[in-house]
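For reference, the structure is listed below as structure tokens.
The values are calculated or read from the model by the stated rules, or taken from the named source; none is laboratory data. Quick caveat, the model's predicted, so the values are computed rather than measured. Note that each Cβ is placed from the backbone with ideal geometry, even for glycine, and that neighbours are counted across all protein chains shown. Note: accessible area is taken over every heavy atom of the protein model, side chains too, but ligands, DNA and RNA are not part of it. Shrake-Rupley method; radii C 1.70, N 1.55, O 1.52, S 1.80 Å.
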Amino acid sequence: MKKTLVAALVLCAALVFTACGKSASNTETTATTAETKNSESTAQASTEAPGNAGEFKILNGKVESVTDNMKGITVSNGKDQIPLDLNEAAVETSYALEKGVEISVVYKGEISGADAKNAKILLVLDAQEDMKPLEATGTVTDQAMSTFTIKTEDGKDLSFLKDNAEGLDSDVLGKADDDSNGSKAKVKVIYVTVTYDAGSTSNFPLKVEAAK
């Protein structure tokens, strides 16, 4: 009888410990799963602040609508209808910005599908099939109220329009030291080129900084 009682007690104890083990295991699994889900939710909710991306990007599309104050447009790109905020942008098209017009938009940040809230629009230009940001380094040979010119390291003269470029609000172009308005300051310019229907071109700087 005593042996039977002892065996029963041992069996009960084993069952209790097994249940506790499973309970602890379940608790740990639940906690780990919850933690993982929280981490995933945080990562998905994290968004990049407007204009913080380190590169300039190009969006090509067709104007679908323009706000009455010209401070916003909706552009179609494939199946996406993308609303763009133009409050900090320079519009430099050679024709009226209206429905049906093809344009190229230079921006920083991210556009995901039809979501452009994390993009900073810089320039709206005539549509360019193969537009891409270019880079040139040279010395400033001339500057006026709305333009400046550099001579590149390979001896080529490049002129730019002063329009909404990063760095131009500083003295990066230097002060003229001769009659040609050239400061001989050495600068690096990131820019895009627009070719118009008549064949003429314009260079729009996106960023100007001092070069060594």
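The figure for LYS57 is an accessible area of roughly 40 square angstrom, using a 1.4 Å probe on the protein chains alone.
Hey, with R₀ at 35 Å, roughly what FRET efficiency would LYS156 and SER76 work out to, going by the Cβ-Cβ distance, to 0.05?
On the way: r = 38 Å, r/R0 = 1.07.
With a Förster radius of 35 Å, E is 0.40.
Protein heavy-atom surface of the range 151-212, 1.4 angstrom probe: 44% of the accessible area is carbon and sulfur, with nucleic acids and ligands not counted. Amide hydrogen proximity for GLU110: with H placed 1.01 Å from N in the peptide plane, the residues at 5 or more positions away or on another chain lying under 5 Å are GLY51, ASN118, ALA119, LYS120. Its relative contact order, with pairs defined as Cα atoms under 8 Å and 6+ residues apart, puts the range 89-187 at 23 percent. In the full protein context, the range 160-210 carries 53 Å² of accessible surface per residue, based on a 1.4 Å probe and ignoring ligands, DNA and RNA.
Taking a ≥ b ≥ c as the square roots of the eigenvalues of the Cα gyration tensor, an a/c ratio of 1.5 or more together with a/b larger than b/c marks the range 55-177 as prolate. Checking the cross-link pairs LYS71/LYS184; LYS120/LYS151; LYS79/LYS117; LYS120/LYS186; LYS117/LYS188; LYS132/LYS188 against a 26 Å limit on the alpha carbon distance flags LYS71/LYS184; LYS120/LYS151; LYS120/LYS186; LYS117/LYS188 as lying beyond it.
Around the Cα centre of the range 113-212, unit charges on the Cβ atoms of Lys, Arg, Asp and Glu (plus for the first two, minus for the last two) sum to a dipole of about 340 debye. Label zone (ALA176, point 7 Å along Cα-to-C-beta; backbone nitrogen cut-off 17 Å) within the range 185-212: 185.
Over the range 72-128, what is the relative contact order in whole percent, taking alpha-carbon pairs under 8 Å and six or more residues apart? Reported as a whole number, the value is 38 percent.
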